[in-house]
Amino acid sequence: MKSQPFYFEIKDVMTQFLAAFNDIIINRHTRDRSVRSKVKVRYVYAPKQRVIHDLTNKARHITLPVVAVSIAGVSRDQNRVFSKLEGSYTHGAENAGNLTTDPRALTTHHIPQPVPVDINVNMSILARYQTDIEQIISNFVPYSDPYIVISWKLPSEFTDADQEIRSEVIWDGNLSMNYPDQLTGTEPYRLSCDTSFTIKSWLFKEIGDPLQNITKITTKMTPTDEFAMDLPEYDSVTERSYMESLGPTLTASPVVTHIVNGDQPFSIQELWGYNFGNVTSAYLSGAEINALSGQAVDDFDSPYYPGFQGVPVDFKIINENKLYIELPEDTGLTEEVDVILLNIGGYGTSMSSTLHGKGVKLG
């Protein structure tokens, strides 16, 4: 209880609530209902009794019509309580300007599950004329069915990025009209109308220290046959000694996860996957196309990447996860061919990929 998790949540929500309502302009009409003048309705953050007191004891410096807004109470919303949830996380990469140099990209903030609260708001309309109150009512009632939504930001202590929170504002559906029944000779005639709203909001717990990210590195090793003789002399066989015995880590081989429109004979095919940034060559491989112009490719002295036959094609790297290949034209073939991408660490094919398993259709 010594922490101070105060993030101005109630103030921010009430500011948004007043901003949503505080733009009402009503008309004053002539007998034939044409507009004679316009009046902007004043909004004040104060209880109705305080506004009436000021009207009575300060020579009516507060002009009518006026709408008084105040908080009636705050309560925990049991219907929005999700037990056993630890909250959510915001990745530091959302705030980082450069993912490779900005230290924020290496951390994640844990946002504890906030407490759902209902903010009950009283609204009182004071006016001299019945039509003024009716116009003010007509301004918000049609839009409060079933509710309106206000937007506010997650407190900046949790993230530098603009993360939106939406809160429902539910009108209670009642309008209580009050007419003065006893007036003194100096007391002005005033009408009032009372109603209330419920704002579905949140109160946040204290944020903790940033967490270090768990990073998954997608890579493959190229084993050597000299495992036993090259094993470094350590006191015990550690993970480090095992990794070093396999030789240097090479660039991960490309992996194809999807080919866009691969079943359509388009001249340009878009490939999705990963480890595309260092692709050095691309081939098409199939029985008919290999017989037409295939060539032997055996760039790796490894049983994991045996030699194959294929036809080289032009390609364009977009990023680590996207690449374009250009299919040969006027081949007269209609077969489905395999797409093979190479880099210095090995190669990956579209047909042998467990994530794709299909090729490209020629024709």
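Restricting ARG50, ARG31 to those that are closer than 21 Å to GLN130 by Cα, of a type outside the set (Val, Ile, Thr) and assigned by TED's automatic domain parsing to the domain that holds ILE136 reduces the list to ARG31. Filtered by the rule that a residue be outside any strand (DSSP E or B), at pLDDT 85 or above and under 34 Å from the mean Cα position of the chain (by Cα), the range 100-136 gives PRO112, GLN113, PRO114. Before we move on, is VAL339 outside any loop (DSSP other than H, G, I, E, B) and under 16 Å from PRO254 (Cα atoms)? Yes, satisfied. If you check GLY307, GLY346, GLY332 for being on the phi > 0 side of the Ramachandran plot and loosely packed, with under 12 Cβ neighbours inside 10 Å, only one passes: GLY332. It is to be established whether one or more residues within the range 283-290 are touching a Pro at 6+ places or on another chain (Cβ under 9 Å), surrounded by fewer than 20 Cβ atoms within 10 Å (Cβ to Cβ) and outside any loop (DSSP other than H, G, I, E, B). Looking through the range 283-290, none of the residues is touching a Pro at 6+ places or on another chain (Cβ under 9 Å), surrounded by fewer than 20 Cβ atoms within 10 Å (Cβ to Cβ) and outside any loop (DSSP other than H, G, I, E, B). Kindly indicate whether LEU333 is over 16 Å from THR349 (Cα atoms), part of a helix (DSSP H, G or I) and touching a residue at least 40 places away in the same chain (Cβ under 8 Å). Judged against the criteria, LEU333 is not a match.
Check whether at least one residue in the range 202-223 is in a strand (DSSP E or B), modelled with pLDDT of 90 or more and not assigned by TED's automatic domain parsing to the domain that holds ASN343, and report yes or no. Scanning the range 202-223 turns up at least one residue that is in a strand (DSSP E or B), modelled with pLDDT of 90 or more and not assigned by TED's automatic domain parsing to the domain that holds ASN343. When every residue of the range 332-346 is checked against the conditions, at least one turns out to be under 44 Å from the mean Cα position of the chain (by Cα) and of a type in the set (Gly, Ala, Ser).
So that you can scan it fast, the table gives a plain yes or no per residue for (1) surrounded by fewer than 16 Cβ atoms within 10 Å (Cβ to Cβ); (2) free of Cβ contacts under 8 Å to residues at least 60 places away in the same chain; (3) part of a helix (DSSP H, G or I):
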residue	(1), (2), (3)
GLN4	yes, no, no
TYR7	no, no, no
ILE10	no, no, yes
VAL13	no, no, yes
ARG31	yes, yes, no
LYS38	yes, yes, no
TYR43	no, yes, no
ILE52	no, no, yes
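One residue stands out in the range 271-292 among those that are touching a residue at least 24 places away in the same chain (Cβ under 8 Å) and among the polar types (S, T, N, Q): the one that is nearest to HIS258 (Cα to Cα), namely ASN275. Taken together, the residues in the range 318-330 that are out of contact with any Leu (no Cβ under 8 Å at 6 or more places or on another chain) and either in a strand (DSSP E or B) or over 22 Å from GLY294 (Cα atoms) (or both) amount to 5. Could you look through the range 20-29, keep only residues that are in contact (Cβ under 8 Å) with a residue 24 or more places away in the chain and among the hydrophobic types (A, V, I, L, M, F, W, C), and pick out the one that is farthest from VAL69 (Cα to Cα)? Out of the qualifying residues, it is ILE26. Within the range 150-201, if we keep just the residues that are in contact (Cβ under 8 Å) with a residue 40 or more places away in the chain, more than 31 Å from the chain's Cα centre (by Cα) and part of a strand (DSSP E or B), the residue that is nearest to THR90 (Cα to Cα) turns out to be SER196.
For (1) small (Gly, Ala, Ser); (2) farther than 21 Å from THR331 by Cα; (3) at pLDDT below 90; (4) outside any loop (DSSP other than H, G, I, E, B), each residue gets a yes or a no:
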position: GLU244; (1), (2), (3), (4): no, yes, yes, yes
position: ALA252; (1), (2), (3), (4): yes, yes, yes, no
position: GLY262; (1), (2), (3), (4): yes, no, yes, no
position: PRO306; (1), (2), (3), (4): no, yes, no, no
position: LYS316; (1), (2), (3), (4): no, yes, no, yes
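The values are calculated or read from the model by the stated rules, or taken from the named source; none is laboratory data. Everything numeric here is computed off the predicted structure, so don't read it as measured data. With ideal geometry, Cβ positions are generated from the backbone for all residues, glycine too; neighbour counts draw on all protein chains shown.
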